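Chemist: The structure follows.
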Amino acid sequence: MQNKNTPAVETRALCKAYHTGDAALPVLREVALTIPAGSFAAITGPSGSGKSTLLSVLGCLDTADSGSLRLFGQEVAGADEKVLSALRGGTLGFVFQSFNLLPGRTALENVELPLRYRRLPAARRRALAAQALEAVGLSDRAAHLPGQLSGGQQQRVAIARALAMRPRLLLADEPTGSLDSASAAGVLECMEQLLALGTTVVLVTHDLALAARAPLRFEMRDGVLSPVN
């Protein structure tokens, strides 16, 4: 049985480099990070500093070259694809700046789609998707295609998609980067709703004002992660 004090994220000496020919470009350098379960953490830093790479590794979308990564006490580094797929499908939620919505599907269908991987009955999937859209204030846009929605509304659909999955850990990469201030505020409210449900949220952003809303703050520079006091 997992201890309630087990961190959501715990890394030790996490390293990764990209290789071009004979040259190796270090992207993550001995990253040590601990994020308690249920907390809100923000990672800032200049472009190319390794922020998005770290988020991809935490989300099991990429792998580190060395070091330890534990998610809710489970060692992930070196795990096989079956374990990683189970984590992505049942523990992790993702929100990206690009929204990643299918243009030919309605907002409700986009939210419902990932639930298919959980083999839930159709009626249950539809109910969870409708509840998630209601939570982000988009019930009246359920039948709209992404092209009929504003950027802020599309991002809220993406958050509803994560919300419907009830993830234990939400990883958000520049979720407000292309939004105006009013839309960005709405996205933040949605994320705070997830926090209220007990979800751990890790946010990568260039927006220092947004990052300041997070109790835990870190800065990445040249692959080195440091806490911000």
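Chemist: At A86 and R116, where each label point lies 7 Å from the Cα along Cα→Cβ, what is the point-to-point distance in nanometres?
Modeler: 2.4 nm
Chemist: So for region 54-122, averaging the separation of alpha carbon pairs under 8 Å that are six or more residues apart and normalising by length, what relative contact order in percent results?
Modeler: Reported relative contact order: 21 percent.
Chemist: Something else now. Given V111, V27, V228, which one lies farthest toward the positive end of the charge dipole of the chain, if we put +1 on the Cβ of every Lys and Arg and -1 on the Cβ of every Asp and Glu?
Modeler: So the residue furthest toward the plus end is V111.
Chemist: For Y18 and L145 in one chain, what is 0.36 nm times their gap in residues minus the Cα-Cα distance, to one decimal in nm?
Modeler: Computed gain between Y18 and L145 is 41.9 nm.
Chemist: A further question follows. Whole angstrom only: what separates the Cα centroid of region 88-160 from the Cα centroid of region 174-204?
Modeler: Each part's Cα centre sits 15 Å from the other's.
Chemist: Run the dipole for the chain about the Cα centre, Lys and Arg Cβ at +1, Asp and Glu Cβ at -1, nothing else charged, and hand back the magnitude in debye, nearest 20.
Modeler: Computed charge dipole of the chain: roughly 800 debye.
Chemist: Sticking with this one: Take every Cα pair under 8 Å in the chain that's 6+ residues apart, average their separations, divide by the length, and report that relative contact order as a whole percent.
Modeler: Normalised by residue count, the contact order of the chain is 28 percent.
Chemist: Name all residues of region 108-135 having a backbone nitrogen under 15 Å from the label point set 7 Å from the Cα of E189 along its Cα→Cβ direction, giving them as ranges.
Modeler: Only 133-135 pass the distance filter.
Chemist: Taking the Cα-to-Cβ direction at S178 and at N229 and moving 7 Å from each Cα, how far apart do the two end points lie in nm?
Modeler: The two pseudo-label positions are separated by 3.9 nm.
Chemist: Mean residue ellipticity at 222 nm from the helices of the chain, using -39,500 (n - 2.57) per DSSP H segment of n ≥ 4 over the full residue count, to the nearest 500 deg cm²/dmol? Present the calculation step by step, with values, prior to reporting the outcome.
Modeler: Numbers: 7 runs with 72 residues, N = 229.
Result for the chain: -9500 deg cm²/dmol, rounded to the nearest 500.
Chemist: Oh, and also: Nearest 10 degrees is fine. How inclined is helix 181-196 to the longest principal axis of the chain, computing both from alpha carbons?
Modeler: 80 degrees
Chemist: Once label points are set 7 Å from the Cα along Cα→Cβ at both F96 and T63, what is their separation, rounded to one decimal in nm?
Modeler: 2.1 nm
Read-outs throughout are calculated quantities, based only on the coordinates presented, and are distinct from any laboratory measurement. Since the model is a prediction, treat every value here as computed from it, not as a measurement. No Cβ is skipped: glycine too gets one built from the backbone with ideal geometry, and neighbour counts run over all protein chains shown.
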